[in-house]
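I'd like to ask you about the structure that follows.
Every read-out reported here was derived from the displayed coordinates using simple, explicitly stated rules and does not represent laboratory data. Just so you know, these numbers come straight off a predicted model, no measurement behind them. Methodologically, a virtual Cβ is constructed for each residue, glycine included, from the backbone with ideal geometry; neighbour enumeration extends over all protein chains shown.
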Amino acid sequence: MLKVIAGLGIFVTLSASSIAFGSTTSSEVQAKGPDGPLVGTLISVNDKAPLLLIIPGSGPTDRDGNNRLGVSASSYRLLAEELALQGISTIRIDKRGMFGSVKATADANNVSIADYVTDTNAWIDAVQKREPKRKCVWLLGHS
């Protein structure tokens with residue numbers, strides 16, 4: 001079981017066949033947050049495909065990669081859709097206290113890096129319980 005440690009940098013290079021692994025499904029998923037659910041979107045190729053957990057960057061960035069400060073490119077959503085075509089499943093998440101995960105904490109501005117590590121581990125645990133055939137969960141994030 002993978003656990004994330006604050007301050008530890010993990011660099012991963014993914015490669016996949018250009019052939020998709022059948023039809024994909026998209027659904028809203030949840031993980032346990034401190035005061036309410038953490039919410040994200042799963043695009044599943046199948047329950048054995050590699051799975052990438054996409055963690056949004058700093059600021060008020062949503063699971064699609066957009067924010068109210070003027071970013072509207074949907075970069076995380078577009079990345080997830082392209083990865084599905086390459087046979088890789090993804091979960092794009094809303095950070096604690098924001099957007100779909102607003103109920104996870106009363107104050108989104110009072111969240112630490114350690115809290116985000118806890119949330120990442122909650123997502124990994126949720127995936128492993130939901131889809132035990134998956135061998136691992138890859139992490140992708142920045143800032």
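Using a Förster radius of 30 Å, what is the FRET efficiency between VAL71 and SER23 based on their Cβ-Cβ separation? Nearest 0.05, please.
Values: r = 30 Å, r/R0 = 1.01.
According to the calculation, E is roughly 0.50.
Between ASN46 and SER143, what's the calculated FRET efficiency when r is the beta-carbon distance and R0 is 30 Å? Round to 0.05. Each step should come with its number before you reach the end.
On the way: r = 31 Å, r/R0 = 1.04.
It comes out at approximately 0.45.
Quote to one decimal, in nm, the extra length available between ILE113 and CYS136 on full extension: 0.36 nm per residue of separation minus the C-alpha distance between them.
6.0 nm
Now for a different question. Dividing the Cα radius of gyration by the Kirkwood radius, what Rg/Rh value follows for segment 29-143?
Working: Rg = 13.5 Å, Rh = 14.1 Å.
Result: Rg/Rh = 0.95.
Still on this model: Separation between the ASN121 and LYS32 pseudo-spin-labels, each 7 Å from Cα along Cα→Cβ, expressed in nm?
With each label placed 7 Å out from Cα toward Cβ, I get 1.2 nm.
Taking the Cβ of ALA84 as the center, what net charge do the other residues with Cβ under 13 Å away carry, scoring Lys and Arg +1 and Asp and Glu -1? All intermediate terms of the calculation are to be shown ahead of the outcome.
Values: positive: ARG77, ARG92; negative: GLU81, GLU82.
Residues close to ALA84 contribute a combined charge of 0.
For segment 79-132, take the convex hull of the Cα atoms, compute a quarter of its surface area, and give me that in nm², please. It would help to have the intermediate numbers written out before the result.
On the way: hull surface 18.5 nm².
Orientation-averaged projected area of the Cα hull: 4.6 nm².
For a label point 7 Å from the Cα of GLN128 along Cα→C-beta, name the residues of segment 49-93 whose backbone N is under 16 Å from it.
Correct set: 51-53.
Around LYS129, what is the net charge, scoring Lys/Arg as +1 and Asp/Glu as -1 over all other residues with Cβ under 14 Å from its Cβ? Don't jump to the answer; show the numbers that get you there.
Numbers: positive: LYS32, ARG130, LYS133, ARG134; negative: ASP47, ASP125, GLU131.
Net charge in that neighbourhood comes out at +1.
Apply the Karplus curve 6.51 cos²θ - 1.76 cosθ + 1.60, θ = phi - 60°, to the phi angles in segment 80-88 and return the couplings in whole Hz, x for Gly and Pro.
Rounded to whole hertz, the list is 4, 5, 5, 4, 4, 5, 9, x, 10.
Something else about it: So who's got an amide H within less than 5 Å of the one on VAL29, skipping anything under 5 residues away but keeping other chains? H placed 1.01 Å off N, in plane.
It is GLY40, THR41, LEU42, by chain and number.
Starting from segment 99-133, pick out the trypsin sites (Lys or Arg not before Pro) whose DSSP state is loop and whose Cβ has at most 13 other Cβ atoms within 10 Å.
Working: sites: LYS103, LYS129, ARG130, LYS133; in loops: LYS133.
When the trypsin sites (Lys or Arg not before Pro) of segment 99-133 are filtered for loop state and at most 13 Cβ neighbours within 10 Å, LYS133 remain.
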